[in-house]
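The values are calculated or read from the model by the stated rules, or taken from the named source; none is laboratory data. This is a predicted model, so every value here is computed, not measured. With ideal geometry, Cβ positions are generated from the backbone for all residues, glycine too; neighbour counts draw on all protein chains shown. Quick note on the areas: whole protein, heavy atoms, side chains included, nothing else; ligands and nucleic acids left out. Shrake-Rupley method; radii C 1.70, N 1.55, O 1.52, S 1.80 Å.
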Amino acid sequence: MTRWRLLYRVGWDLAFASHLDRWRAISRSARRAALPLAYSQGFHQRPRLAMGPPLPVGACGEEELADLYLEDDSQQQCDTVHGPMSRAPGQEDPSLRSRACFGPETKDFGLNLCGALNNAASPGLEVRQAWSLPLEERSLTACTYHARWRMDGWWEHTAAGHHVDAGYHAAAGWVVPASEVAQALLAAPSLPLHRITPKGEKDLDLRPYLLALQTGLESIEVELLVTPSGGVRWEEICRLFQERGYRFHLCGLCRTSLKWFSD
Amino acid sequence: MLYQVERPARYLGGERNACRKEDAGLLRVALAYPDLYEIGMSNLGLSILYHLINAEPDLSCERVYAPALDLEVLLRRDREPLRTLESGRPLGQLDILGFSLQYEMTYPQVLNMLDLGGIPLRTAQRGPADPVVIAGGPCAANPEPMAHFFDAVLAGDGEEAILEICRLVQSWKREERRTRDELLLALSRIPGLYIPSLYRFHFSRDGTIEAIEPHPQGPMGVESRRVKDLETSFFPTRPIVPTLETVHDRAQVELFRGCLRGCRFCQAGFIYRPRRMRSAGLLKRQAEEIIASTGWEELGLVSLSSCDYPHLEELLKSLGPLRAEQRVNVSLPSLRADSFSVEVARLAQGHQITLTFAPEAGSDRLRQAIGKQLLEEEILTAVEQAVRCRFPRIKLYFMIGLPTEREEDVHGILALVERLRRRAKGAGGGVKFSAAVSAFVPKPQTPFQWEPMERLEGIRAKRSFLRDRLRRMGTEAGGQQEELSLLEGVLARGDRRVGEAIFFAWQEGARLDGWSDHFSFARWQSALTRCGLEPSFYLHRTRPREEILPWSLVRFPAGPAYLWRERERAYSDPQPTKEAKE
Ligand code: SF4
């Protein structure tokens, strides 16, 4: 069995799907591509596909991660299905939409894997890179991540009771809305939050998860820590602003980058 | 808006294999399903018609499903119309809007979708610029309750008729001085297409139909449509793969249409006659193409009674490579206990956890009377085999209030379940039984269309007795709520006056009423009272043979004379006929 890490994009067509729906979209793309997938054992055999940290419903993602497992003889089987792998450098199939891949010995296969997956991909899914990694390497769920988010929308100054008009602000040369709140949040030693979920309630401190925060006229950019035990939700960042007089009305959400740390 | 609703992917489209045509000059058709995306996307008929229309270069077909309540609230608040999934076009801007009517309880949702889409609700209110609103599906067996709202209703198979309708509307649109009345009259010449507005119904004092007056230039009723040869008829091998999980998230091939069994309560069995089959070779090819184009992990071999497919074992064997190499699970959704074999169970075990059998009644005598040719011993053997094949759950369907039912038949349900449990235990056990007990609802175009339905008190007493006893036996017991069954009875055999009650119920908030948590019986009672209608008129009287039935203008292969003979046999000659005559 070989393990392949996929770096993929989640576009608008898959943005409103759930984490499980996206798992299905990738696994079905791989099945359509006739890849020699490795399957789990047991009554319900499923393709061995492990997903990175869940992307919430409504979010696009630029650098999402998943690990796909293929059978040992995958290279040979893929040759049969998708044409010969060994191409001279610079002779890559232009129909393949992948941008690059890593790992010198697997370069061509990684490239072909991207192409095969993209040709069969569900709308909204684009595999950008694929590279092999040792089976024993830490699983995606056990990694720590730095996730950068961009939220687009508009501000409402709840304390003043009016909408913050971005155009007016810019013309007046005013400071970016809520920027003082962003600075105060970063400067705070702790950010207590009471989280209510269908599973229960708990108190937690958001501050350790907040790595960077910036507001724009019509946006929030934030970098968050994601640990194997969880992280902060985008709604909770908005809640911090709302509690401080600024309501952010979300129109678009994107996880722009996801950096992982194995240790 | 999408951030404020549950499961927004329902409303977005953009799935694999969905068609999006943007050229100008196309005839714009949308197929509508008056229930949520998850339910509607599993409908095979709609999938066939969607791809069939889109295969024509000058036609475009889109989809629209019922919005959940959360989206409806936002659409109404923001005065936004309901739109199609593919192009986001408001429904009012389409040329044809075709509803699939699978179940009577979806009628209010049809009105809701028309209203949200900006289309006048009644056919009489629509002008030349409005879409032609048509319907098809099993409920076309009695189109009358929705007569005021549909321009046309197609009885029978849609594959051939839908293109004829599209072509006719297309040429009508090209004409300069066109009127809607002319269009409706022209549509009435398409075989199988019933145009309700071309008929005037006269009611007598006792509420029955006195006479039906057709339009001077229109036909007197319609004969249902039938695809003669399924082998050569269109079947999509690149169906849409839904983004979110649907109730039947799987590939489907249709083994055959129709059913030879002739159970006297079963509408589908009568309206889809005669049985027409596909060959095992064709089904295998279709299955392979569908799996290759979709990546689905499960393949459903669908039909009204899949075990009756004569080449089933050959087909299952030929699907071996698909199952072994591509790990495709094969499922057989409609099983009959008398043709269920160990081989079939083993071959089809795949993904299925729950095996469903429908003994329908508690005694051999009653089963024979209703035409269910199934003996108790056959059910016991089937369950025993299922237990040996390690199916962990078995679900049993029963009906109460069936014609000729006696007290011992009701008790017989308990006795049968007890015997099944004992037989299962003897075969190794480890199986969980559940039973769904629902009231029998007489349906149009069946031998029981003249029968009364049992009264609420009777149904309630029997159901609660059975559910209580079954639970005490350790068997989960469910089934359709009594009031829901009664209402289904009114809507199934209603006439066009019932349409007003549907309208009032919708106005008062009736939406996804087939879902029992959305259902309010009081709302429907007040709607019926407002129209001066008495539910018992539709439900509890035996209709005489000579009474003009609201659906008498829509004729299916099994005509009233045959149906009446079958009804008589239920009372006089309960001896089962092995295969019903075509
Ligand atoms: S077996 Fe009986 S109940 Fe089932 S589809 Fe055929 S006629 Fe209907």
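Return the equivalent ellipsoid semi-axes of the stretch B:264-311 as a descending list in whole Å, where each equals the square root of 5 times an eigenvalue of the C-alpha gyration tensor.
They are 26, 13, 9 Å, listed largest first.
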Expected output for the stretch B:314-334, residues with a loss of 50 Å² or more in accessible area relative to the chain alone at probe 1.4 Å, reads B:327
Do any residues of the stretch B:288-311 show a loss of at least 30 square angstrom of accessible area between the isolated chain and the full protein assembly, using a 1.4 Å probe, and if so which? B:295, B:297
If you average 1/r over every pair of different alpha-carbon atoms in the stretch B:103-188 and take one over that average, what Kirkwood value in Å do you get? 13.7 Å
Projecting each Cα onto the charge dipole of chain B (Lys/Arg +1, Asp/Glu -1 at the beta carbon, about the Cα centre), which of B:333, B:359, B:450 comes out farthest on the positive side? B:359
Over the whole of A:41-50, what's the average partner chain Cβ count within 10 Å per residue? Rounded to a whole number, please. 2
Per DSSP helix of 4 or more residues, -39500 (n - 2.57); summed, then divided by the residues of the protein assembly as shown. What does that give at 222 nm, rounded to the nearest 500? -9500 deg cm²/dmol
Out of the total accessible area of the stretch B:513-557 (probe 1.4 Å, heavy atoms of protein only), what percent is carbon and sulfur? 51 percent
Translational diffusion of the stretch B:320-474, µm² s⁻¹ [Kirkwood Rh, Cα pairs; Stokes-Einstein; 37 °C; 0.692 mPa s]: 197 µm²/s
At a 4.7 angstrom Cβ threshold, list every cysteine in chain B that has nobody to pair with, or say none. B:19, B:61, B:139, B:166, B:259, B:307, B:389, B:531
Label-reachable residues, the stretch B:191-207, where backbone N falls under 19 Å from a point 7 Å from residue B:182's Cα toward its Cβ: B:198
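Dipole size in debye (nearest 20) for chain B around its Cα centre, Lys and Arg Cβ +1, Asp and Glu Cβ -1?
900 debye
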Expected integer from the mean partner chain Cβ neighbour count at 10 Å over B:7-16 is 6
Nearest 5 is fine: what % of DSSP beta bridges in the stretch B:2-223 come out antiparallel, could you say? 30 percent
Per residue convex hull volume, Cα atoms of chain B, in Å³: 150 Å³
With θ set to phi - 60°, apply the Karplus curve 6.51 cos²θ - 1.76 cosθ + 1.60 along the stretch A:65-71 and write out the HN-Hα couplings as whole Hz, x wherever there is a Gly or Pro. 10, 8, 10, 10, 9, 10, 5
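Only bridges with both residues in chain B count here: give the DSSP antiparallel percent, nearest 5.
Expressed as a percentage, antiparallel bridges in chain B total about 20.
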Percent of Cα-Cα distances greater than 15 Å, calculated over the stretch B:422-465: 63 percent
Along the Cα-to-C-beta direction of residue B:469, a point sits 7 Å from the Cα; which residues of the stretch B:376-405 have their amide N less than 14 Å from that point? B:399-401
Highest mean packing first, using Cβ neighbours within 10 angstrom, the peptides B:219-230, A:214-225 sort as A:214-225, B:219-230
Counting only heavy atoms of the protein chains, get the accessible area per residue of the stretch B:125-174 (1.4 Å probe) and round it to a whole Å² value. 24 Å²
Within 10 Å of each Cβ in peptide B:242-252, how many partner chain Cβ atoms are there on average? Round it to a whole number, please. 3
Which one, B:386, B:560, B:522, projects farthest toward the positive side of the charge dipole computed for chain B from Cβ point charges (K/R +1, D/E -1)? B:386
Result for interface chain B to chain A, accessible surface buried in total, 1.4 Å probe, Å² to 100, stands at 2300 Å²
Rg and Dmax [Cα atoms of the protein assembly as shown; Å; Rg one decimal, Dmax integer]: 29.8, 93
Residue among B:165, B:42, B:219 farthest towards the positive dipole end of the stretch B:2-223, charges placed on Cβ: B:165
Take the cross-link list B:173/B:228; B:372/B:432; B:372/B:462; B:21/B:228 and give me the ones stretching past 23 Å between alpha-carbons. B:173/B:228; B:372/B:432; B:21/B:228
Roughly speaking, what is the stretch gain from residue B:541 to residue B:58, that is 0.36 nm per residue apart minus the C-alpha to C-alpha distance, in nm to one decimal? 168.8 nm
Looking only at lysines whose Cα falls under 24 Å of residue A:259's and that sit 8 or more positions away or on another chain, we get A:107
How big is the charge dipole of the protein assembly as shown about its Cα centre, in debye rounded to the nearest 20, if each Lys and Arg gets +1 on its Cβ and each Asp and Glu gets -1 on its Cβ? 1400 debye
For residue A:129, the residues 5 or more places away or on another chain with a placed amide H closer than 5 Å to its own amide H are A:7
Just read off the accessible area of residue A:60 with the full protein assembly in place, 1.4 Å probe, to the nearest 10 Å². 30 Å²
Would you please give the residues with an amide H less than 5 Å from that of residue B:372, counting only those at least 5 places away or on a separate chain, with H modeled from the backbone geometry? B:264
Compactness relative to 2.2 N^0.38 Å, alpha carbon Rg of the stretch B:2-223: 1.01
For residue B:353, placing the label point 7 angstrom along Cα-to-beta-carbon and taking the stretch A:30-48, residues whose amide nitrogen sits under 19 Å are A:40-47
